[in-house]
1. Select from the stretch A:63-90 the residues that are loosely packed, with under 15 Cβ neighbours inside 10 Å and more than 10 Å from chain B (Cβ to nearest Cβ) and list them in ascending order.
2. Assess whether residue A:151 counts as being surrounded by 17 or more Cβ atoms within 10 Å (Cβ to Cβ) and polar (S, T, N, Q).
3. Quick check, is residue B:31 assigned to a loop (DSSP other than H, G, I, E, B), over 15 Å from the mean Cα position of the chain (by Cα) and among the β-branched types (Val, Ile, Thr)?
4. Please tell me if residue A:48 is crowded, with 16+ Cβ neighbours inside 10 Å, within 14 Å of chain B (Cβ to nearest Cβ) and assigned to a strand (DSSP E or B).
5. I'd like to check something: does the stretch A:124-134 contain any residue that is free of Cβ contacts under 8 Å to residues at least 12 places away in the same chain and either surrounded by 15 or more Cβ atoms within 10 Å (Cβ to Cβ) or assigned to a helix (DSSP H, G or I) (or both)?
6. Kindly evaluate residue A:40 against the criterion of being among the charged types (D, E, K, R), within 14 Å of another protein chain (Cβ to nearest Cβ) and assigned to a strand (DSSP E or B).
7. Do you know which residues across the stretch A:1-28 are touching a residue at least 60 places away in the same chain (Cβ under 8 Å), under 24 Å from residue A:119 (Cβ atoms) and assigned to a loop (DSSP other than H, G, I, E, B)?
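No lab work stands behind these numbers, since they all come straight from the coordinates. Because the structure is a prediction, the values reported are computed rather than measured. Cβ placement follows ideal geometry from the backbone for every residue including glycine, while neighbour counts extend to all protein chains displayed.
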There are 2 protein chains.
Amino acid sequence: MNTEIERKFLVADLPDLSGTEKAVVRQGYLTAPDDSTELRLRQKNDRFFLTLKGSGAMVRVEREAEISAEQFDTFWPETEGRRVEKERYTGRLPNGHVFELDVFLGDLAPLRLVEVEFETESGAKSYIPPDWFGTDVTADKRYKNKMMAINGAPD
Amino acid sequence: MNTEIERKFLVADLPDLSGTEKAVVRQGYLTAPDDSTELRLRQKNDRFFLTLKGSGAMVRVEREAEISAEQFDTFWPETEGRRVEKERYTGRLPNGHVFELDVFLGDLAPLRLVEVEFETESGAKSYIPPDWFGTDVTADKRYKNKMMAINGAPD
């Protein structure tokens, strides 16, 4: 169980990706956006996960279990029409912050988003992004993966 | 993936249960009744299952995977307030039909329900239940496990 404090930005210019760790990710949602709970299947390279996110506004419960390929395959068909595919590059900014850069594939290409995680809310608020970051879309729900999985990328 | 044709009855008189197979079952729902999908965790004796049921009216998709105790324990806390506990006795009626008799425990006691499964709709419609069956509640949604898990037993 954990909670996250993070900010999300568009990517103005792709940075040098050498030194980052690349993963191929596909994820799909077993639940609809209006449902009380979010259940997400995710494949990250050759590992598989089922993640539940609660509907709390301030603090959102998150529970995740690693699952087998067979378990993944049992439920994956039910995510049809609610899927996202992306390459995820995880790296570290010069100031030490970890970033996750998502390069979307398929219908969502050429969208790119970058997220930075923080320990504290004050750290998140006072953060000054590097030049290669674009518009701050932290508060824009249209950029949530589960929304884009259904509605596509925002205009 | 499968679909089920079944009828459900209250139990007027408990039958002789020798020759039946008994299982202790606890199940809980990760989703709310109004959600588009139903996801159910179930422990049956020492085995664990995750089952998804779609929202189709005529034909309802059902997908189930056996899961580990650890995977079960990861998500079980999120079913709080949406749980059912029962003893399930599986047996065969003199006419050959398999029945599942549920004796509910906890808040739902002393409710008992029995279900009979059929190959065809005409078989279900023409079925004449034995004397120990009570009222037919097949069409009464209040007797669905996921409804009783939240609302308790009907009056």
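1. A:69, A:80, A:81, A:90
2. In short, no.
3. Working: assigned to a loop (DSSP other than H, G, I, E, B): yes; over 15 Å from the mean Cα position of the chain (by Cα): yes; among the β-branched types (Val, Ile, Thr): yes.
It is true that residue B:31 is assigned to a loop (DSSP other than H, G, I, E, B), over 15 Å from the mean Cα position of the chain (by Cα) and among the β-branched types (Val, Ile, Thr).
4. Considered against the rule, which asks whether it is crowded, with 16+ Cβ neighbours inside 10 Å, within 14 Å of chain B (Cβ to nearest Cβ) and assigned to a strand (DSSP E or B), residue A:48 comes out as yes.
5. First, the residues of the stretch A:124-134 that are free of Cβ contacts under 8 Å to residues at least 12 places away in the same chain: A:125-126, A:128.
Adding the requirement that they be either surrounded by 15 or more Cβ atoms within 10 Å (Cβ to Cβ) or assigned to a helix (DSSP H, G or I) (or both) leaves A:125.
Looking for residues that are free of Cβ contacts under 8 Å to residues at least 12 places away in the same chain and either surrounded by 15 or more Cβ atoms within 10 Å (Cβ to Cβ) or assigned to a helix (DSSP H, G or I) (or both), one finds at least one in the stretch A:124-134, hence yes.
6. Yes; evaluated as a whole, the condition is true for this residue.
7. Once the filter is applied, which keeps residues that are touching a residue at least 60 places away in the same chain (Cβ under 8 Å), under 24 Å from residue A:119 (Cβ atoms) and assigned to a loop (DSSP other than H, G, I, E, B), the stretch A:1-28 yields A:1, A:2, A:4, A:15, A:19, A:20.
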